Amino acid sequence: MPIRQMKESSEQHLVIKTHLQNSMNPPLKPPKTAQNGKGPPTQEPHNAKTHNQASPPAAKNRGRRRGRGGRKSDQGDVCMRPSSRPCTVAHKPAPENLAGALVARAPVENGVHTCEMDVGFPSSSKSMSFAPRPGFGQVGAKCIVKANHFFAELPDKDLNQYDVTITPEVASRTVNRAIMAELVRLYKESDLGMRLPAYDGSKSLYTAGELPFAWKEFNIKLIDEEDGVNGPKREREYKVVLKFVARANLHHLGQFLAGKRADAPHEALQILDIVLRELANKRYCPVGRSFFSPDIRVPQRLGEGLESWCGFYQSIRPTQMGLSLNIDMASAAFIEPLPVIEFVGQLLGKDVLSRPLSDSDRIKIKKALRGVKVEVTHRANIRRKYRVSGLTSQPTRELVFPVDENSTMKSVVEYFQEMYGFTIQHAHLPCLQVGNQKKANYLPMEACKIVEGQRYTKRLNEKQITALLKVTCQRPRDREHDILQTVQHNAYDQDPYAKEFGIRISEKLASVEARILPAPWLKYHDTGKEKNCLPQVGQWNMMNKKMINGMTVSRWACINFSRSVQESVARGFCNELAQMCQVSGMEFNPEPVIPINNARPDQVEKALKHVYHASMNKTKGKELELLLAILPDNNGSLYGDLKRICETDLGLISQCCLTKHVFKISKQYLANVSLKINVKMGGRNTVLLDAISCRIPLVSDVPTIIFGADVTHPENGEDSSPSIAAVVASQDWPEVTKYAGLVCAQAHRQELIQDLYKTWHDPVRGTVSGGMIRDLLISFRKATGQKPLRIIFYRDGVSEGQFYQVLLYELDAIRKACASLEPNYQPPVTFIVVQKRHHTRLFANNHRDRSSTDKSGNILPGTVVDSKICHPTEFDFYLCSHAGIQGTSRPAHYHVLWDENNFTADAIQSLTNNLCYTYARCTRSVSVVPPAYYAHLAAFRARFYMEPELQENGSNGHASKATRMTGDLGVRPLPALKENVKRVMFYC
């Protein structure tokens, strides 16, 4: 919904408390620590006075006025009292009266929640704008990197927009472009006054300078290349009306780029982007913002009739250095332009010329070819094109159709022989159906070839994905070379449209100042030989170290779903894993509760329940703490089914291991699995030493909760399943290492997280509040004994066009969730969007300088950029927090949209980088801040919970489409996680 409509239609308001920015803690200067690798930083005593000064005065006074008990709300919720205690490692136990104070649940009637969710859009505020950049970072060793941004000189011409109306209306952008190209060819030198316009393929035409008219009508004749099956090509006539609409304000754009205006002139940027894409649209196959061609690089076969095409991404961006053209390499899967019979042979992986097709073969062919364009090959030079609508159920030799009004029937075989002199050789194969169902026409497979340049949008299988990754995986030096070659090949200086509009593009990569942030010291348990650790180039290991909080596993069992794994092998693997857990710092019983159970993958539910109940009987009612599961390497739906049953039905924490790892028994693998098991059991593997020492600015001073949130959407082509939202939140302070997570289903492709805060009516208690933010705030209070006085919210998966809408809605939900816990409880919020799906790449200034690259040739972990290629006025930065393994590292782009905590650039950049070293599943720094990473994992896990429902309803989604139209209230909720699962990092 556009912002304008939201403002008009909504009665809810986002209250922006600007005074919080001034009243809350000023940025603290981080104390100097020894980061030179010679030893850990000294354990400085914490200054409690700092914290007392930093606590909000209003919060303290509220506590005094209420006395010890405070005022409880009508719902019996936790009263979130502030705490002024200084940072300390030992947490206070939560008060006993918190036990019954978790979120009140919606009443259930006949298995359906009677719930009224608060899903309205808050109205926008004209005064609201994104957080301005507070300055530039200074921490870290300075260096120079190159970025795939090319400086674009701002044109000095007027940019004019004209509305385009084509009658009769055309749905295809390709046909629209053909019509306008013909118009320009015929009238450029006359009616258009020598102007060369740029066209967006739809409703808008742009010119550099005015046309000689404000309104004009043209008649254009175009040969229809895709006419019906019979008859000669027809000439179609179109009426085109051009009407002046507006002139883009380039002065506004200049002021914005100079940092003198905060609002971006989107219209001017859009025009320049369209101008620079005009020539590429004619040369290449456009897909989104990318262009592909088989001429850029020889296509590589992916299998089953698909091939990869190389291409490039192109986008104009406003940056601190002015306008920038972002160019990156791209690859995509296309349908190979094969004869249809050859395509079908590859698709099925067998000879189709001599054998009849089975029903399952026909279904697979029909799915693969539906919507695909084919051209006929049986008519000499005439290459008519048609779109496949289906496949006949009978073979060609049995097909007949009426040839005249008297319903005279003729077979397809006879018709093609008599009409075209074409003998059908493989009449045992079905025919392709083209046209609509009322008037479907038959085309023999052997008379058709797939049209070149059709993007494959369905799901790739694992082999195809592997093959595509091999093509796309380029070393930094090779990628940089290809980008430069693409820029030179595009020859923007010779582009007639760029010339017309006065745009000049540099052919040199942007040279950018960067800094390499130091790796943080990590704290391990004092009983290990190494108590502290300083990672080197983003990596370390568990040798001589013990987990800082190793958990105890007394009751565990193992279930083996792999036929190739003998019981002795499985037992040996379990023994090795138990030993590794013990060596790493856990207390792990070497013996399972019951002997290892062998089971069939197709009886997963029965097997899991058998092991669960057998273990309970053996332990006299005590539940299993851990279930180990050995799975076949190719296990289909087994993994997802197992996780769904364990986490939503039985309340079991499970750890799956593939057969190949069970046979290999690598020490590195066992160490990584032990890390995962520990956090699933509620433990912590390592924490930041600065967190223990209370030296993290704007985190250590007052109780701080860090959230991560993400929404995953169904794959392309899947129009029935819901989107899944996940939110995780730290459950320990001051360490901020341990997280709890919640997931929920919401409307198909809805990006705003609907379940952050909600209310519903209870017949007894009246209006009841709930939602994921509220649940997790209460969970933090129970776990730490502290009330969060600061919120840091990392939001993943939001595109630039959705920034404003997501911030308005989700910040409002956070506010309401806090207020529902206690009147006037409004901790300051910092809202940061994390983006991985962007096309900015950073390269070492000198690829031969091994001191400035990691082993893969990528820039060093900790490299941060907040100048030149970043936003002219807003608070954003690029951070490459990980070491490259293969290919070119992609830095994460962090955009601080809202900041009531007054972070400095150094404080938020260092915090984000340091958190990347606390990811629980490995001993490497990761590419995305862990709370956002965990939210992504949780959302991905939750999709397994609804798969059986999708299979029951079928994939056509008729019921789902009907319910989607009613909003989130019609989305079938996910099965609830068991309480013991919610409290731990089950998604790891």
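A few notes on this one:
- Cα pair count fraction exceeding 18 Å, expressed as % - segment 722-861: 66 percent
- Packing order of peptides 537-550, 657-670, highest average first: 537-550, 657-670 (average count of other Cβ atoms within 10 Å over each peptide's residues).
- Amide H contacts under 5 Å for Leu306: Glu336, restricted to partners 5 or more places along the chain or on a different chain, H placed in the peptide plane at 1.01 Å from N.
- Where only alpha carbons of segment 550-683 are counted, the Rg and the Dmax (Å): 13.6, 36
- Most to least packed among 424-434, 339-349, 676-686 [average Cβ atoms within 10 Å]: 676-686, 424-434, 339-349
- Computed 3J(HN,Hα) for segment 278-286, one whole-Hz value per residue from the Karplus formula 6.51 cos²θ - 1.76 cosθ + 1.60 where θ = phi - 60°, is 4, 5, 5, 4, 7, 7, 10, 8, x, glycine and proline marked x.
- For segment 442-548, the ratio of Cα radius of gyration to the globular rule of thumb 2.2 N^0.38 Å stands at 2.01.
- Structural size metrics of segment 374-482, computed from C-alpha coordinates, are Rg and Dmax of 20.0, 70 Å.
- Formal net charge of residues neighbouring Tyr206 (Cβ-Cβ distance under 12 Å; K, R +1; D, E -1): -3
- Karplus (6.51, -1.76, 1.60) ³J(HN,Hα), θ = phi - 60°, over segment 292-303, in Hz, Gly and Pro reported as x: 10, 7, x, 8, 5, 8, 4, x, 10, 5, 9, x
- Whole-Hz ³J(HN,Hα) from phi, Karplus 6.51 cos²θ - 1.76 cosθ + 1.60, for segment 741-748, glycine and proline x: x, 10, 9, 7, 8, 8, 4, 3
- Charged neighbours of Arg924, selected by a Cβ distance under 15 Å, balance to +3 (K, R count +1; D, E count -1).
- On the principal axes of its alpha-carbon atoms, segment 317-385 has extents of 64, 34, 18 Å, going from largest to smallest.
- Here the Debye sum runs over all C-alpha atoms of segment 156-248 as equal scatterers in vacuum, and log10 of I(q)/I(0) at q = 0.12, 0.20 Å⁻¹ comes out as -0.38, -0.94.
- Amide H contacts of Asn858 (H built 1.01 Å from N, in plane; Pro and chain starts excluded): Gly884 sit under 5 Å, all sequence-distant by 5 or more or on other chains.
- Seen from Asn914, the other residues with C-beta closer than 13 Å to its C-beta sum to a net charge of -1, counting Lys and Arg as +1 and Asp and Glu as -1.
- Amide hydrogen proximity for Val451: with H placed 1.01 Å from N in the peptide plane, the residues at 5 or more positions away or on another chain lying under 5 Å are Lys373, Val374, Glu375.
- Too-long pairs where the Cα-Cα distance tops 20 Å, listed order kept, from Lys660/Lys982; Lys676/Lys738; Lys620/Lys676; Lys188/Lys239; Lys606/Lys643: Lys660/Lys982; Lys620/Lys676
- For the listed peptides 869-877, 934-942, a ranking on the average number of other beta carbons within 10 Å per residue, highest first, reads 934-942, 869-877.
- Taking every alpha-carbon pair in segment 130-202 and binning the separations at 5 Å intervals from zero gives 3, 10, 13, 14, 11, 10, 8, 6, 7, 8, 6, 3, 1 percent.
Just so you know, all these numbers are worked out from the coordinates, no wet-lab data involved. Owing to the predicted nature of the structure, the values given are computational and were not obtained by experimental measurement. Cβ coordinates were reconstructed from backbone atoms using ideal geometry, including for glycine residues, and neighbour counts include every protein chain displayed.
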